[in-house]
Amino acid sequence: MTARVDHGVTSGTFSLDGETFDVDNNVWVVGDDEECVVIDAPHDVDGILAVVGQRRVKAILCTHAHDDHVRVAPALRQRVTAPILLHPDDRPLWELTHTDELWDADLSDGQEIEVAGTTLRVLHTPGHAPGAVCFVADELGCVFTGDTLFQGGPGATGRSYSDADVLVGSIRERLFALPDDTVVHTGHGDDTTVGAERENVG
Ligand SMILES: [Zn+2]
């Protein structure tokens, strides 16, 4: 069985620093017909499960802990009995959303997550959030960047816990080390490629 990438979009809100915005979030599911991992758990468990189908969920991987990416992670965990993985540097953000329950296991730079015969490599890419990570699927020729890199350039850094210089450093050092034709699956909006974004980030 060959691993593939499936995709859904959920709609809801993002809140930080006392402001709330309407947002559409991408949900990425990597796996085959038997098993999969879910990348980010935004607004709506049923919307995520529609992409998962009948497959066994091995893990819920969080690109970072802004509430529009982890809002339903604990509810999804209950439904599918899978662990939530998050980089521990995002604990302050996680605790803004989930005050009485934690994730299950820490993500770390260089960690490898196996699913459906392929590997996701964890890159710690702080900047948009201190514990932001990207998941590189070398064999599939793609990377899941959350809000670190979008079509058009770097993610937002205007709010608490973000740092623009750190973000651009992460993108240049880590994401731009990937081949130009690597497809970038983002946390919001359309895909892009590493090559296309070199011009936008500089
Ligand atoms: Zn974010």
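Total residues in the range 11-46 satisfying the condition of being open to solvent by less than 20 Å² (accessible area, probe 1.4 Å), among the charged types (D, E, K, R) and in a strand (DSSP E or B): the figure is 0.
For (1) within 23 Å of Ile48 (Cα to Cα); (2) among the aliphatic types (A, V, I, L, M); (3) in contact (Cβ under 8 Å) with a residue 40 or more places away in the chain, each residue gets a yes or a no:
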site: Glu95; (1), (2), (3): yes, no, no
site: Glu114; (1), (2), (3): yes, no, no
site: Leu120; (1), (2), (3): yes, yes, yes
site: Gly169; (1), (2), (3): no, no, yes
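Suppose we filter Leu86, Leu96, Leu49 for residues that are within 22 Å of Thr13 (Cβ to Cβ) and open to solvent by less than 30 Å² (accessible area, probe 1.4 Å); which single one remains? Answer to the selection: Leu86.
Filter the range 152-178 for residues that are among the polar types (S, T, N, Q) and more than 17 Å from Leu123 (Cβ to Cβ); which is nearest to the ligand (Cβ to nearest atom)?
Narrowing the range 152-178 to residues among the polar types (S, T, N, Q): 157, 160, 162, 170.
With the extra rule that they be more than 17 Å from Leu123 (Cβ to Cβ), the set shrinks to 157, 160, 162.
On the way: Thr157: 10, Ser160: 11, Ser162: 8 Å.
Filtering the range 152-178 for residues that are among the polar types (S, T, N, Q) and more than 17 Å from Leu123 (Cβ to Cβ), the one nearest to the ligand (Cβ to nearest atom) comes out as Ser162.
Arg121 meets the conditions (1) open to solvent by 50 Å² or more (accessible area, probe 1.4 Å); (2) part of a loop (DSSP other than H, G, I, E, B) in every case but one. The failed one is (2). Might you check whether a residue that is away from the ligand (no atom under 13 Å from the Cβ), over 23 Å from Asp24 (Cβ atoms), assigned to a strand (DSSP E or B) and in contact with a Pro (Cβ under 8 Å, 6 or more places away or on another chain) occurs anywhere in the range 67-88? No, that holds for no residue. Looking only at the range 126-151, residues that are in contact with a strand residue (DSSP E or B) (Cβ under 8 Å, 6 or more places away or on another chain) and either within 14 Å of the ligand (Cβ to nearest atom) or farther than 22 Å from Val5 by Cα (or both) come to 13 in all.
The values are calculated or read from the model by the stated rules, or taken from the named source; none is laboratory data. Remember, predicted model here, so these are calculated numbers, not experimental data. Neighbour counts are summed over all protein chains in view; Cβ atoms, including those assigned to glycine, are modelled from backbone coordinates with ideal geometry. Note: accessible area is taken over every heavy atom of the protein model, side chains too, but ligands, DNA and RNA are not part of it. Shrake-Rupley method; radii C 1.70, N 1.55, O 1.52, S 1.80 Å.
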